[in-house]
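Read-outs throughout are calculated quantities, based only on the coordinates presented, and are distinct from any laboratory measurement. Treat the numbers as computed from the prediction; the structure is a model and nothing was measured. Note that we place each Cβ from the backbone using ideal geometry, even for glycine, and neighbour counts take in every protein chain shown.
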Amino acid sequence: EAGVVQSPRYKIIEKKQPVAFWCNPISGHNTLYWYLQNLGQGPELLIRYENEEAVDDSQLPKDRFSAERLKGVDSTLKIQPAELGDSAVYLCASSLDQYNEQFFGPGTRLTVL
Amino acid sequence: GENVEQHPSTLSVQEGDSAVIKCTYSDSASNYFPWYKQELGKRPQLIIDIRSNVGEKKDQRIAVTLNKTAKHFSLHITETQPEDSAVYFCAVLYNFNKFYFGSGTKLNVKP
């Protein structure tokens, strides 16, 4: 069975440019998470979906970040415009529900110049 | 996350010794406490978890203990091996809804 798939794996952009990340969760997993991870720190939750509903987006900087999970499967996370401080690894994870193991994707390493 | 404190930030042990990492949390309504291991350049992977209805769980050399009264839980690794070297993160599910990770502990097992 394929794990969580993310693309791209790496992205380098100029500041003020838009960027989008894509995630395909494990089949059958209702819960999908987007995290931001800075070097040497723990993952920080940006948004959590239960099927297609965003049930926790309290830590998503909504002035520049947006996310969607159409049809409750794949998800995209967008930043527009990107800032220097957005440089980080963006991790997607999925689980059967919030009380079960989260399976992480390989992440997208974003560098904003 | 600000609601989860993890200590120590770094831990160095000799191969064969035990390692203990502790996390404290603030919300008594928390009910799910997983531990993740992240090797350099790789994704976090679950190694063990515990729910609020039990006080201890073991899986071979790894155990987690939970003290709900004191609001802390700990990861115990016995007979450490060099391949245990990694960053370990605790996490807490608050109030059935919000998920927070600790800041991580870098474990170095010296051969």
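Rank A:32, A:70, A:46 by mean-square fluctuation in a GNM of chain A with C-alpha springs under 10 angstrom and give only the top-ranked residue.
Highest fluctuation of the listed residues: A:70.
Per residue, how big is the convex hull around the C-alpha atoms of chain A? Give it to me in cubic angstrom, could you?
Values: hull volume 10.6 nm³, N = 113.
Cα convex hull per residue, to the nearest whole number: 94 Å³.
Mind listing the long-range amide H neighbours of residue B:30? Cut-off is under 5 Å, sequence gap 5 or more, other chains count too, H placed in the peptide plane at 1.01 Å from N.
Result for residue B:30 returns B:95.
In the range A:8-102, which trypsin sites (Lys or Arg not before Pro) fall in coil by DSSP and have 16 or fewer other Cβ atoms within 10 Å? Each step should come with its number before you reach the end.
Working: sites: A:9, A:11, A:15, A:16, A:48, A:62, A:64, A:69, A:71, A:78; in loops: A:9, A:15, A:16, A:62, A:64, A:69.
In loop regions of the range A:8-102 (DSSP not H, G, I, E or B), the sparsely surrounded trypsin sites (Lys or Arg not before Pro) are A:9, A:15, A:16, A:62, A:64.
Where the only charges are on Cβ atoms (+1 Lys, Arg; -1 Asp, Glu), what is the dipole of chain A about its Cα centre, to the nearest 20 debye?
Numbers: 11 positive and 15 negative charges, 108 e Å.
That gives chain A a dipole magnitude of about 520 debye.
Which of A:32, B:96, A:67 sits farthest toward the positive end of the charge dipole of the protein assembly as shown, with +1 on the Cβ of Lys and Arg and -1 on the Cβ of Asp and Glu?
A:67
Take every Cα pair under 8 Å in chain A that's 6+ residues apart, average their separations, divide by the length, and report that relative contact order as a whole percent. Could the numbers behind the result be given before it?
Values: 284 pairs, mean separation 42.3, N = 113.
Across chain A, relative contact order equals 37 percent.
Considering only DSSP states other than H, G, I, E and B, which GluC sites (Glu not before Pro) in the range A:15-52 qualify as loop sites with at most 14 other Cβ atoms within 10 Å?
Details: sites: A:44, A:50, A:52; in loops: A:52.
Answer by residue number: A:52.
So how strong a dipole does the protein assembly as shown carry about its Cα centre when Lys and Arg Cβ are +1 and Asp and Glu Cβ are -1, to the nearest 20 debye? Walk me through the numbers before you get to the answer.
Details: 24 positive and 27 negative charges, 65 e Å.
The dipole magnitude comes to about 320 debye.
How many Lys pairs in chain B lie less than 19 angstrom apart by Cα atoms, where the lysines are 8 or more positions apart or on different chains?
Summing the qualifying lysine pairs gives 16.
Out of residues 5 or more away from residue B:12 or on other chains, whose amide H comes under 5 Å of its own, with H placed 1.01 Å from N in the peptide plane?
The answer is B:108.
If amide hydrogens are placed 1.01 Å from N in the peptide plane, which non-local residues have theirs closer than 5 Å to the one on residue B:99?
Sorted by chain and number, the residues that satisfy this are B:94.
Per residue of the range B:88-101, what does 6.51 cos²θ - 1.76 cosθ + 1.60 with θ = phi - 60° give for ³J(HN,Hα)? Whole Hz please, x for Gly and Pro, Karplus curve as stated.
10, 10, 8, 8, 9, 9, 8, 6, 6, 9, 9, 10, 10, 9
Take the eigenvalues of the Cα gyration tensor for chain B, scale each by 5, and report the square roots as semi-axes in whole Å, largest first.
Numbers: eigenvalues 108, 42, 27 Å².
Output for chain B: semi-axes of 23, 14, 12 Å.
Looking at the range B:17-87, which GluC sites (Glu not before Pro) are in a loop (DSSP not H, G, I, E or B) and have at most 14 other Cβ atoms within 10 Å?
Details: sites: B:39, B:56, B:79, B:83; in loops: B:39, B:79.
For GluC sites (Glu not before Pro) across the range B:17-87 that sit outside H, G, I, E and B with at most 14 neighbouring Cβ atoms in 10 Å, the list reads B:39, B:79.
Give a residue-ordered list of calculated ³J(HN,Hα) values for the range B:38-48 (Karplus: 6.51 cos²θ - 1.76 cosθ + 1.60, θ = phi - 60°; whole Hz; x for Gly, Pro).
10, 7, 4, x, 10, 7, x, 9, 5, 10, 6
Over chain B, what relative contact order in percent results from Cα pairs under 8 Å that are six or more residues apart?
On the way: 287 pairs, mean separation 42.4, N = 111.
It rounds to 38 percent for chain B.
Sum up the charges of everything whose Cβ sits under 15 Å from the Cβ of residue B:65, counting Lys and Arg as +1 and Asp and Glu as -1, but leave residue B:65 out. Present the calculation step by step, with values, prior to reporting the outcome.
Working: positive: B:22, B:51, B:57, B:58, B:61, B:68, B:71; negative: B:49, B:56, B:59.
Every neighbour counted, the sum reads +4.
For a quick size check, give me the Cα extents of the protein assembly as shown along its three principal axes, largest first, whole Å.
Result for the protein assembly as shown: principal-axis Cα extents of 49, 37, 35 Å.
If you plug each phi of the range A:32-47 into the Karplus form 6.51 cos²θ - 1.76 cosθ + 1.60 with θ = phi - 60°, what whole-Hz ³J(HN,Hα) values come out, in order, with x for Gly and Pro?
10, 10, 10, 10, 10, 10, 8, 4, x, 10, x, x, 10, 5, 9, 7
Take every DSSP beta bridge whose two residues both sit in chain B, then give the antiparallel share in percent to the nearest 5.
Values: 38 of 43 bridges.
The antiparallel fraction comes to roughly 90 percent.
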